[in-house]
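A quick write-up on the structure given underneath.
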Amino acid sequence: MTLSDWLIVLAVLFFLLLSFFFSGSETAMTASSRGTMLRLAKDGNADATIVTRLLADRQRLIGALLIGNNVATIVSSALAAALLQELFGDIGVLYASVAMTVLVILFCEMLPKTAAITAPDRYAISIARPLDRVVGILGPVLDAADWLVRRMLAIAGVTPGEPLLPWHERLRGAVDLLHQEGSFEKQDRDMLGGLLNLRDLTVSDVMIHRTEVITADVGEPPEKVVEAVLQEPVTRVPLWRGTPENIVGILHAKDLLRAIHEAGSDPGKIDVMALARPPWFVPETRSLSEQLKAFRRRRTPLAIVVDEYGEFMGIVTLEDILEEIVGDISDEHDVEVPGVRPLPDGAVNVDGAVPIRDLNRAMDWNLPDAEATTIAGLVIHEARSIPEPGQSFTFHGFRFEVLRRNRNRLEALRITPVTQKVPAKA
């Protein structure tokens with residue numbers, strides 16, 4: 001072999017190294033976490049800043065990698081074919097094809113991509129600076145190629161589309177994937193999922209219904225109002241006059257205790273309405289994210305929920321919204337109501353008023369909550385009637401049996417996954 005032949009061999013190896021670099025860079029940049037890079041960039045990592053900037057124009061980045069990788073592969077293959085043809089004649093082209101195919105697949109594709117996918121963030125940071133220079137050098141070529149590609153797509157009637165899912169749904173999918181891979185515990189997944197749900201849920205989804213709200217009649221003698229408020233496990237009690245739907249104020253237990261002390265422990269001297277604070281009315285259709293912001297602005301943790309006609313529907317508290325994120329919050333004054341009771345055979349006894357989302361979170365199920373808020377509401381919606389005790393229905397992959405009914409309310413149900421063996425009735 002002559003000196004020129006050795007120079008060709010060195011050139012082939014050089015272009016194979018370039019192909020190695022571009023292949024690994026493509027995998028690393030594609031698989032790297034933009035969130036991780038953004039955090040590192042904010043912490044002062046210069047290489048992470050470069051990666052973040054490159055990822056911001058992903059189309060330009062991928063274009064540079066494709067151009068660089070294809071040019072390196074084609075040039076190395078052409079040089080190898082020319083060299084082996086000179087050495088072995090026409091059969092040298094076949095030798096070159098076989099040898100370059102093996103080298104390109106193993107050395108320029110599998111090896112760099114495998115190395116990059118095992119630690120994409122570290123790999124991306126390590127190649128950030130040279131890759132940035134390559135993108136800068138290929139800038140004019142990329143602009144021309146981008147213009148040509150767009151013109152061709154326009155002629156074909158193809159226009160860039162929007163992402164299949166909005167950002168919060170993509171983030172939810174990422175959280176679910178991390179949970180499946182074992183990176184997230186169920187509690188962490190539920191908390192992040194609850195946070196993402198705030199923009200999709202409304203106040204009506206988490207409010208305490210008016211039938212369960214603790215209220216007091218301001219028309220009663222002060223002694224009875226004081227007694228009614230102090231014996232309840234809540235600190236804020238809505239006051240009504242005339243009818244329970246006519247809310248006229250919110251009485252805080254702390255204000256009441258202070259007034260009792262100033263009145264010399266004589267409740268009869270207390271003007272309850274003078275202590276009450278003005279009620280704050282909010283529509284039931286307001287999203288939880290907006291209501292959370294409103295709680296922060298108003299600096300009050302309770303609001304009266306009304307429908308489109310202004311009718312009293314229930315109350316919503318800051319704790320109700322926080323529980324959507326972190327799960328149930330109980331303190332020493334909460335009354336424990338075990339609404340979900342798993343059974344040894346895999347079935348679950350559930351109070352009808354249990355919210356569907358709470359049951360899904362507790363049992364890791366996926367019952368739909370678009371048409372109903374509570375389990376009883378879901379059964380009534382699917383059955384298109386108010387079932388009698390003993391009736392059973394199967395839908396959404398579960399068997400629902402009505403255990404107890406009080407007038408038009410389903411108070412208790414038994415839910416069994418249909419994949420589990422349902423015990424025969426005696």
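In this structure, does residue 90 turn out to be free of Cβ contacts under 8 Å to residues at least 24 places away in the same chain and surrounded by fewer than 21 Cβ atoms within 10 Å (Cβ to Cβ)? Working first, answer last.
Details: free of Cβ contacts under 8 Å to residues at least 24 places away in the same chain: yes; surrounded by fewer than 21 Cβ atoms within 10 Å (Cβ to Cβ): yes.
So residue 90 fits the description; yes.
Restricting attention to the stretch 51-92 and to residues that are acidic (Asp, Glu) and in a loop (DSSP other than H, G, I, E, B), the residue that is nearest to residue 137 (Cα to Cα) turns out to be 57. Restricting attention to the stretch 129-145, the residues that are touching a residue at least 40 places away in the same chain (Cβ under 8 Å) and more than 14 Å from residue 58 (Cα to Cα) total 6.
Of everything in the stretch 1-49, what is over 17 Å from residue 68 (Cβ atoms), aliphatic (A, V, I, L, M) and in contact (Cβ under 8 Å) with a residue 24 or more places away in the chain? Give them in sequence order.
1, 8, 9, 31, 37, 40, 48
Yes or no: residue 303 among the hydrophobic types (A, V, I, L, M, F, W, C) and in a helix (DSSP H, G or I)? Judged against the criteria, residue 303 is not a match. Might you check whether a residue that is more than 30 Å from residue 223 (Cα to Cα) and small (Gly, Ala, Ser) occurs anywhere in the stretch 279-290? Yes, because at least one residue in the stretch 279-290 is more than 30 Å from residue 223 (Cα to Cα) and small (Gly, Ala, Ser). Number of residues in the stretch 339-376 that are within 26 Å of the chain's Cα centre (by Cα), under 15 Å from residue 410 (Cβ atoms) and of a type in the set (S, T, N, Q) equals 2.
The single condition from (1) at pLDDT 90 or above; (2) among the aliphatic types (A, V, I, L, M); (3) surrounded by fewer than 16 Cβ atoms within 10 Å (Cβ to Cβ) that residue 203 fails is (3).
Give, as residue ranges, the helices (runs of 4 or more DSSP H) completely inside the stretch 178-294 that count at least 1 residues that are over 26 Å from residue 319 (Cα atoms). Ranges flagged: 222-230, 253-262, 272-275.
Scanning the stretch 376-398 for residues that are closer than 18 Å to residue 363 by Cβ, outside any helix (DSSP H, G or I) and in contact (Cβ under 8 Å) with a residue 24 or more places away in the chain returns 394, 396, 398. For the stretch 264-274, state whether one or more residues are more than 33 Å from the chain's Cα centre (by Cα), surrounded by 13 or more Cβ atoms within 10 Å (Cβ to Cβ) and either free of Cβ contacts under 8 Å to residues at least 12 places away in the same chain or within 23 Å of residue 355 (Cα to Cα) (or both). Within the stretch 264-274 (the criterion being more than 33 Å from the chain's Cα centre (by Cα), surrounded by 13 or more Cβ atoms within 10 Å (Cβ to Cβ) and either free of Cβ contacts under 8 Å to residues at least 12 places away in the same chain or within 23 Å of residue 355 (Cα to Cα) (or both)), the answer is no, since none of the residues qualifies.
Only one of 58, 39 is assigned by TED's automatic domain parsing to the domain that holds residue 143, closer than 29 Å to residue 104 by Cα and surrounded by fewer than 14 Cβ atoms within 10 Å (Cβ to Cβ). Can you tell me which? Outline the logic, then answer.
Working: 39 fails: closer than 29 Å to residue 104 by Cα.
Exactly one of 58, 39 is assigned by TED's automatic domain parsing to the domain that holds residue 143, closer than 29 Å to residue 104 by Cα and surrounded by fewer than 14 Cβ atoms within 10 Å (Cβ to Cβ), namely 58.
Among the residues of the stretch 403-419, those that are over 14 Å from residue 380 (Cβ atoms) and part of a loop (DSSP other than H, G, I, E, B) comprise 418, 419. Pairs are defined by a Cβ separation below 6 Å, a sequence spacing of at least 6 or placement on different chains, a first member in the stretch 231-248 that is closer than 16 Å to residue 301 by Cβ, and a second member that is surrounded by 13 or more Cβ atoms within 10 Å (Cβ to Cβ) and acidic (Asp, Glu); no pair meets this definition.
Taking residues in the stretch 277-296 that are closer than 13 Å to residue 200 by Cβ, and partners anywhere that are among the basic types (Lys, Arg), the pairs with Cβ atoms closer than 7 Å and at least 6 places apart or on different chains are 287/199; 289/199.
The values are calculated or read from the model by the stated rules, or taken from the named source; none is laboratory data. Here the structure is a predicted model, which means the values were calculated and not measured. Glycine gets a Cβ as well: all are built from the backbone with ideal geometry, and neighbour counts include every protein chain shown.
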